[in-house]
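Have a look at the structure below before the remarks.
The values are calculated or read from the model by the stated rules, or taken from the named source; none is laboratory data. Just so it is clear, the structure is predicted and the values come from calculations on it, not from any experiment. Cβ placement follows ideal geometry from the backbone for every residue including glycine, while neighbour counts extend to all protein chains displayed. For the accessible areas, the whole protein counts, side chains as well, though only heavy atoms, and no ligand, DNA or RNA atoms are used. Shrake-Rupley method; radii C 1.70, N 1.55, O 1.52, S 1.80 Å.
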Amino acid sequence: MSKEEGSAVAGAFWANSPVIAITSSWEEKVNGQIAVTAVTSSIVHEIPRLLVGIWKGNYTHEFITNSKAFTIHLLRRDQIKLVKNFGFYTGRERKKFENLNYELGVTGSPVLLDAHSYAECRVINAMDGGDMTAFLVSVVEGKLYDAGPWMTLNDFYTDAPPEWIAEYGEKLSRSVSLSMENIHNINYSSWEP
């Protein structure tokens, strides 16, 4: 096996990942983003935990770091417009929650009322990854609105209009360039809640 083949294997985790909307609140503001890095991290069903990767360049990273809470939403395949709303723009420049139905949940984070499902989470630990932070979270509340399939990244690339794919590709290229500057600058100190 080569590094290139290993990269292809790692890419399968990316392409088949669910597209998730992450929402958080801090200092009476709300924000959200799209992510594809979330996995279960507990085999004890009574104590559900997730490991969620958030890129440090995202405004939502500041919200999560300071509030230590967020809501993760699985999206239905027909909710592709939410991907553009939360994933193509920064909350530093636009209000992403205009015209969206949501309420603040038990963690104080926004809960989208139209989604496949959601889980409210509290951060219990974090690990620096250079360009991103991996947050270990405890699921404290949740609801399944729809028992059908959720959207994957492959679904997004299949269903999105070509101009969206081009726009997202440009945004991703800029993000990768910024990541390359920081990916090896890992802070190995312990996280303090």
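With the contact rule set at Cα under 8 Å and sequence spacing of 6 or more, what percent relative contact order holds for the chain? Averaging sequence separation for qualifying contacts and normalising by length gives 24 percent for the chain. Taking trypsin sites (Lys or Arg not before Pro) as exposed when their DSSP state is a loop state and no more than 15 other Cβ atoms lie within 10 Å, the longest site-free interval of the chain runs over 96-193. Only one residue of Met151, Trp191, Ser138 has its Cα farthest out toward the positive end of the dipole of the stretch 42-193, where Lys and Arg carry +1 and Asp and Glu -1 on Cβ, and that residue is Trp191.
Positive contributions from Lys and Arg (+1) and negative ones from Asp and Glu (-1), summed over other residues with Cβ under 11 Å from the Cβ of Asn58, come out at 0. Loop-resident GluC sites (Glu not before Pro) (DSSP state other than H, G, I, E or B) in the stretch 8-80 with no more than 10 further Cβ atoms inside 10 Å of their Cβ: Glu27, Glu28, Glu46. Counting only Cβ charges, +1 for Lys and Arg and -1 for Asp and Glu, the dipole size of the chain around its Cα centre is about 120 debye. At a 1.4 Å probe radius, carbon and sulfur cover how many percent of the accessible area of the chain? Of all accessible area on the chain, carbon and sulfur atoms account for 55 percent.
Under a Gaussian network description of the chain, with springs only between Cα atoms under 10 Å, the residue in Val137, Val44, Val106 that fluctuates furthest is Val44. Counting Lys and Arg as +1 and Asp and Glu as -1 over every other residue whose Cβ lies under 9 Å from the Cβ of Asp131, the net charge comes to 0. Put simply, the amide H of Thr37, placed in the peptide plane, has neighbours under 5 Å in Gly53, leaving out anything fewer than 5 places away on its chain.
Solvent exposure of the chain amounts to 57 Å² per residue of accessible area, where only protein heavy atoms count and the probe is 1.4 Å. Grouping the Cα pair distances of the chain into 5 Å bins from zero gives a pair-distance distribution of 1, 7, 15, 20, 22, 17, 11, 5, 1, 0, 0 percent in increasing distance order. For the stretch 40-151, the Stokes-Einstein estimate of translational diffusion at 37 °C and a viscosity of 0.692 mPa s comes to 221 µm²/s, using the Kirkwood hydrodynamic radius over alpha-carbon pairs. What the phi angles of the stretch 119-132 give under the Karplus curve with 6.51, -1.76 and 1.60, with θ = phi - 60°, is a coupling list of 9, 7, 9, 10, 6, 10, 6, 8, 10, 6, x, x, 8, 8 Hz, glycine and proline written as x. Annotation for Asn187 and Lys143: the two label points, set 7 Å from Cα along the Cα-Cβ direction, are 3.6 nm apart.
To the nearest 10 square angstrom, what accessible area does Ile47 show with a 1.4 Å probe? We get 90 Å² for Ile47. Per residue, the average separation of C-alpha pairs within less than 8 Å and at least 6 apart gives the stretch 29-89 a relative contact order of 34 percent. Remark: spin-label model distance Tyr157-Ser7 equals 1.4 nm, labels positioned 7 Å along the Cα→Cβ axis. For the chain, modelled as a GNM whose springs connect Cα atoms under 10 angstrom apart, the maximal fluctuation among Thr60, Thr158, Thr71 occurs at Thr158.
Springs join every pair of Cα atoms under 10 Å in this Gaussian network model of the chain, and among Gly105, Gly32, Gly148 the largest mean-square fluctuation is at Gly148.
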